[in-house]
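This is the structure, below, for whatever I ask next.
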Amino acid sequence: MKKRFACILAFWGLTVGVAAQPSYLLSKKNETRMGLSIASMALGNLYIGNQLNGYTEAALLALTTPAVPAYDRWALQRWDEDAAHRSDYLFYSAAAWSAASVCLPALRDGSFKSSVPAAAMWIEMNALTWVFTDLTKNLVTRNRPFVYNINAPLEMRIEADARKSFFSGHTSMTAANSFYAAKVFTDLYPNSKWKPWVWSAAVVLPAITAQQRMAAGKHFFSDVLIGYGVGALIGWGIPQLHLVK
């Protein structure tokens, strides 16, 4: 998943420059700060991530089911690979939706340059969400629910990724992309009759993704709840920070 998403980021990165358009404003100072912050987190995450190891079979057998709050217990003993695949499709759908929204300024103004700020914000939004999510995962090292499920494949239960439950990356990325797309649409077309439908889709898409991640045994409720909040905040916040007052 990460390699394919990185290709999408690289593609849009070719179009990015510092420019302005009627709705959003970029500045070298702010974008440089954002870029350096993301790069610093990425380097730290690379180092920390390399220290994370999976379980040995003996260590896995010695694990006991954790005492989790009632709202997190539903995810325990869940394992559904089809649900995991469905969450992938939802994630890519949100990414495609937000990528398409980058074209809205160009369509509105009839100029390709109008979409340059939206493309830059799209990259910042995805990079920040992705790096912050993965850094948190590597720092917290919470076991995924399926680690405690003997019906899940052993090779998945012992790998390092099985210790990256908090918080949900699929949920945070889907929420960030969905809220970004809805925010850009409503900023550009504030009087559109489609606004309620656009925001309804933005709210529901990551919520379904979150449910599928729990059904797959990949995350606890608290993982997807925090992931949803973080992603939604970044997806809405990046355009808001660049909005011309």
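Kindly indicate whether residue 130 is crowded, with 19+ Cβ neighbours inside 10 Å, modelled with pLDDT of 95 or more, more than 25 Å from residue 164 (Cβ to Cβ) and among the aromatic types (Phe, Trp, Tyr).
Criteria not met by residue 130.
Residues checked against (1) of a type in the set (Phe, Trp, Tyr); (2) more than 19 Å from residue 76 (Cα to Cα); (3) within 16 Å of the chain's Cα centre (by Cα):
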site: 202; (1), (2), (3): no, yes, yes
site: 205; (1), (2), (3): no, yes, yes
site: 210; (1), (2), (3): no, no, yes
site: 213; (1), (2), (3): no, no, yes
site: 223; (1), (2), (3): no, no, yes
site: 227; (1), (2), (3): no, no, yes
site: 233; (1), (2), (3): no, yes, yes
site: 236; (1), (2), (3): yes, yes, yes
site: 240; (1), (2), (3): no, yes, no
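Name the residue that is nearest to residue 42 (Cα to Cα), counting only residues in region 136-160 that are free of Cβ contacts under 8 Å to residues at least 60 places away in the same chain and surrounded by fewer than 22 Cβ atoms within 10 Å (Cβ to Cβ).
136
For residues that are out of contact with any helix residue (DSSP H, G or I) (no Cβ under 8 Å at 6 or more places or on another chain) and of a type outside the set (Gly, Ala, Ser), scanning just region 167-202, find the one that is surrounded by the most Cβ atoms within 10 Å (Cβ to Cβ).
197
While we're here: Considering only region 25-44, I want to know if a residue exists there that is touching a residue at least 40 places away in the same chain (Cβ under 8 Å), farther than 30 Å from residue 242 by Cα and β-branched (Val, Ile, Thr).
no
Out of the helices (runs of 4 or more DSSP H) lying entirely within region 64-177, which hold 3 or more residues that are under 19 Å from residue 208 (Cα atoms)?
Passing ranges, in order: 81-101.
List the number of the failed condition for residue 105; all other conditions in (1) surrounded by 24 or more Cβ atoms within 10 Å (Cβ to Cβ); (2) modelled with pLDDT of 95 or more hold.
Of the numbered conditions (1) surrounded by 24 or more Cβ atoms within 10 Å (Cβ to Cβ); (2) modelled with pLDDT of 95 or more, the odd one out for residue 105 is (2).
Filtering region 54-81 down to residues that are among the acidic types (Asp, Glu) and under 30 Å from residue 127 (Cβ atoms), which residue is surrounded by the fewest Cβ atoms within 10 Å (Cβ to Cβ)?
Ranking the qualifying residues of region 54-81, first place goes to 81.
Same structure, new question: Let me spell it out: the conditions are (1) assigned to a helix (DSSP H, G or I); (2) under 22 Å from residue 108 (Cα atoms), and residue 192 meets all of them except one. Which number is the exception?
In the conditions (1) assigned to a helix (DSSP H, G or I); (2) under 22 Å from residue 108 (Cα atoms), residue 192 misses (1) alone.
Inspect region 29-36 for any residue being on the phi < 0 side of the Ramachandran plot, in a loop (DSSP other than H, G, I, E, B) and out of contact with any strand residue (DSSP E or B) (no Cβ under 9 Å at 6 or more places or on another chain) and give the result as yes or no.
The answer is no; no qualifying residue exists.
Another question about this same structure. Is region 32-43 home to any residue that is farther than 21 Å from residue 158 by Cα, basic (Lys, Arg), modelled with pLDDT under 95 and surrounded by fewer than 15 Cβ atoms within 10 Å (Cβ to Cβ)?
Checked against the condition, which is being farther than 21 Å from residue 158 by Cα, basic (Lys, Arg), modelled with pLDDT under 95 and surrounded by fewer than 15 Cβ atoms within 10 Å (Cβ to Cβ), region 32-43 yields no hits at all.
The values are calculated or read from the model by the stated rules, or taken from the named source; none is laboratory data. What you see is a predicted model; the values in this text were computed from it and never measured. Glycine also receives a Cβ, built like all others from the backbone with ideal geometry; neighbour counts cover every protein chain displayed.
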